[in-house]
Each structure stands twice: as C-alpha cells, then as structure tokens.
Amino acid sequence: MLELKNKVAIITGARRGMGKADALLLAKAGAKVVVSDISEEECQQVVDEIKNSGGEAMAIKCDVSEKEEVDKMIKKTIEEFGRIDILVNNAGICQFKPFLDLTEEEWDRTININLKGYFLCGQAVAKEMAKQKSGVIINIASIAMGQVGVGFPAITHYCASKGGIVAMTEAMALELAPYNIRVNAIAPGAIDTPMAASVKDDPKVLEGTLNRVPLRRMGKPEEIASAVLFLASDASSYMTGSVVVVDGGWLAG
Ligand code: NAP
C-alpha cells in the first residue's frame, strides 16, 4: 500500500533538509519525483542521488512565492511526466526576530514564502489533479501552528504562516474532496535540518528544546519523510483534512 509506482510527485524546498528526505523516500517507493527549490544546481545533486539508486527524477528551479515560476514548474512537470499525483508543499523559511523589532518586509517575506507559496503551488497542482479526478496534497506545517496553550516567542510571523497552513489545509480538503483530491498537513516538532541549526548548535537552546520533548532528542528528516510517504500513498486513503503531528511527544507534554 505504500508503493508509489507510476505516481508523479512534486516536492518544493527539496534541495536539503526534510524536502530532500521526502524526495529520496518517495523515489524509493517508485514515484517519479520533481525536486524543486530556489537553487537548481543543488536540486540536481538530489536528482543524481535518486538516479544513481535507480529512481526517476527531475530538477526544477522554482521560487514558490512567484506565481510565474510555479506555473512554469507545473507546465514542465506535465510536459516531462504527463501528470501530477502528489504535491508536498514543504519550502519554508524560519527567521527568529523579536515581535517588537519585526519589520513589515520580514513579515511579508515569511508569509509570501510559507503561506502564499503553499496556496500558489496547491492551487496550480489541484487544477491538474481535478482534471484527472485524483491527487494528494501534503502541507508541511509545524507544531508552531497556534495550538491553544503552546506558544513560540520570536517567530510570530512563522507561527502565523503555519497556523494559516492548517486552516488552509482543512478548507482545501473540503473543496477538493469532490475531485478525489486528499489534502492533509504534517506538524513536525524540532527536526535536525539546516533550518534548526541555531537550536542544535547552541547547547543551552538545545537543552531547553529537549526538555520539552518526551523522547529527548530531535527528530530526523527521514522520520518526517515516512509520514509523508504514508499520506502520499493509498495506506491513508480515508484521510483528508487531517493534521499529523510528528514531534517526539512535544504537544502531549
Ligand atoms: P531547510 O533545511 O531550511 O529546507 C527548506 C528549503 O526550502 C531550503 O532549501 C530553502 O532554501 C527552501 N526555500 C526557502 N524559500 C524558498 C522559496 N521561496 N521557494 C522555494 N524554496 C525555498 O528547512 P527544513 O527544516 O527542511 O524545513 C522544511 C519544512 O518543514 C519548512 O516548511 C519548515 O517550516 C518545516 N518545519 C521545520 C521544522 C524543523 O525543526 N526543522 C519544524 C517544523 C516545521 P534557502 O535555505 O535558500 O532559504
């Protein structure tokens, strides 16, 4: 049920971190993978890794906050692979900045990439999926999604974007269900990727973080990828509008 043979998957922000782990695992499961990010050269390295393991993949440069680039990515994918079955909306940024110092430009940049980018990619892909009456969209949110009682200081704009993603996921799931398109979100906790380097590299911050994680460690990108594979596959065929939390127990604490 976890097999993705003949499926075509687009993963944004896939040159490194969780997106790269998703690309490698979905390719291993048989999907043809579009590895997309703002640096095509680094995407190509991931593509080479997939091809060297016998998989099929293609690199496409795409800034998810630019509609024109998103539309080009969809067009190129259809031209090369003929269809789109899976979208992993993963590209994101996380800038630490105290609320009182946050500028309008910084707010806009985060919202444009983390939230508008998911809308642009989600809508463009859903239009293709609606024609074929099937598809799966996976939105990578975060435990910083605004759950009551769980706040995260110095990343107000990031929290706003991730809360927006969860709200958007539910609305998309309702509207796209008649087209047999499933839309789910994943809320990762602290995952060991370049984005979380500032947590990992500062012993005090790391200790403070791990104190909130019952499993007492950061997660690995591969541990998010396995949730992505589950949601991308028929193993989750009755799931839509859900938020899957993968956080070592953080939110339960
Ligand atoms: P990462 O290692 O920084 O990877 C994110 C990738 O997205 C980077 O290659 C980044 O490139 C790219 N990106 C940034 N802006 C983009 C744009 N406009 N268009 C296309 N690509 C863009 O981070 P990660 O930890 O793997 O994060 C993946 C997702 O998980 C993000 O949505 C993040 O918010 C979420 N998440 C992460 C954690 C965590 O602890 N790591 C926890 C919860 C949720 P640049 O580096 O050049 O910006």
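The values are calculated or read from the model by the stated rules, or taken from the named source; none is laboratory data. Bear in mind that the values here come from a model prediction, so they are computed numbers and not experimental data. Counting neighbours? That spans all protein chains shown, and the Cβs are built from the backbone with ideal geometry, glycine included. Quick note on the areas: whole protein, heavy atoms, side chains included, nothing else; ligands and nucleic acids left out. Shrake-Rupley method; radii C 1.70, N 1.55, O 1.52, S 1.80 Å.
Taking amide hydrogens as placed 1.01 Å from N in the peptide plane, the amide H of I191 sits under 5 Å from those of G219, each at least 5 positions away in sequence or on another chain. Counting only Cα atoms, the range 169-214 measures 49, 22, 13 Å along its principal axes, largest extent leading.
For K131, the aspartates and glutamates whose Cα falls under 14 Å of its own Cα, not counting residues fewer than eight places away in the same chain, are D85. For the chain, a simple Cβ point-charge model (Lys and Arg +1, Asp and Glu -1, everything else neutral) yields a dipole of about 620 debye relative to the Cα centre. When the Cα convex hull of the range 8-246 is projected onto planes of every orientation, the mean area is 12.9 nm².
Taking 2.2 N^0.38 Å as the expected size of a compact globular protein, what ratio does the Cα radius of gyration of the range 1-64 give against it, to two decimals? Show your work: numbers first, answer last.
On the way: Rg = 10.4 Å, N = 64, 2.2 N^0.38 = 10.7 Å.
Ratio of Cα Rg to 2.2 N^0.38 Å: 0.97.
Counting only other residues whose beta carbon sits under 14 Å from that of S236, what net charge do I get with K and R as +1, D and E as -1? Overall, the nearby charge balance is -1. In terms of distances greater than 31 angstrom between alpha carbons, the cross-link table entries K72/K162; K7/K61; K76/K97; K133/K220; K97/K220; K5/K72 yield K76/K97; K133/K220.
Among 83-94, 147-158, sorting by the average number of other beta carbon atoms lying within 10 angstrom of each residue, highest first, gives 83-94, 147-158.
Report note on the peptides 227-237, 196-206: ranked by the mean count of other C-beta atoms within 10 Å, highest first, their order is 227-237, 196-206.
Let me check I've understood the local charge: for A225, count other residues with C-beta under 11 angstrom from its C-beta, Lys and Arg +1, Asp and Glu -1. What total comes out?
Neighbourhood net charge equals 0.
Using the Karplus relation 6.51 cos²θ - 1.76 cosθ + 1.60 with θ = phi - 60°, the per-residue 3J(HN,Hα) values for the range 145-161 come to 9, x, 4, 4, x, 10, x, 10, x, 6, 9, 3, 5, 5, 4, 4, 5 Hz, with x marking Gly and Pro.
With R₀ set to 41 Å, the beta-carbon distance separating K133 from D101 gives a calculated FRET efficiency near 0.25. Solvent-accessible area of the chain (1.4 angstrom probe, protein heavy atoms only): carbon and sulfur portion equals 54 percent. Based on protein heavy atoms only, the range 8-246 ends up with 46 Å² per residue of surface accessible to a 1.4 Å probe.
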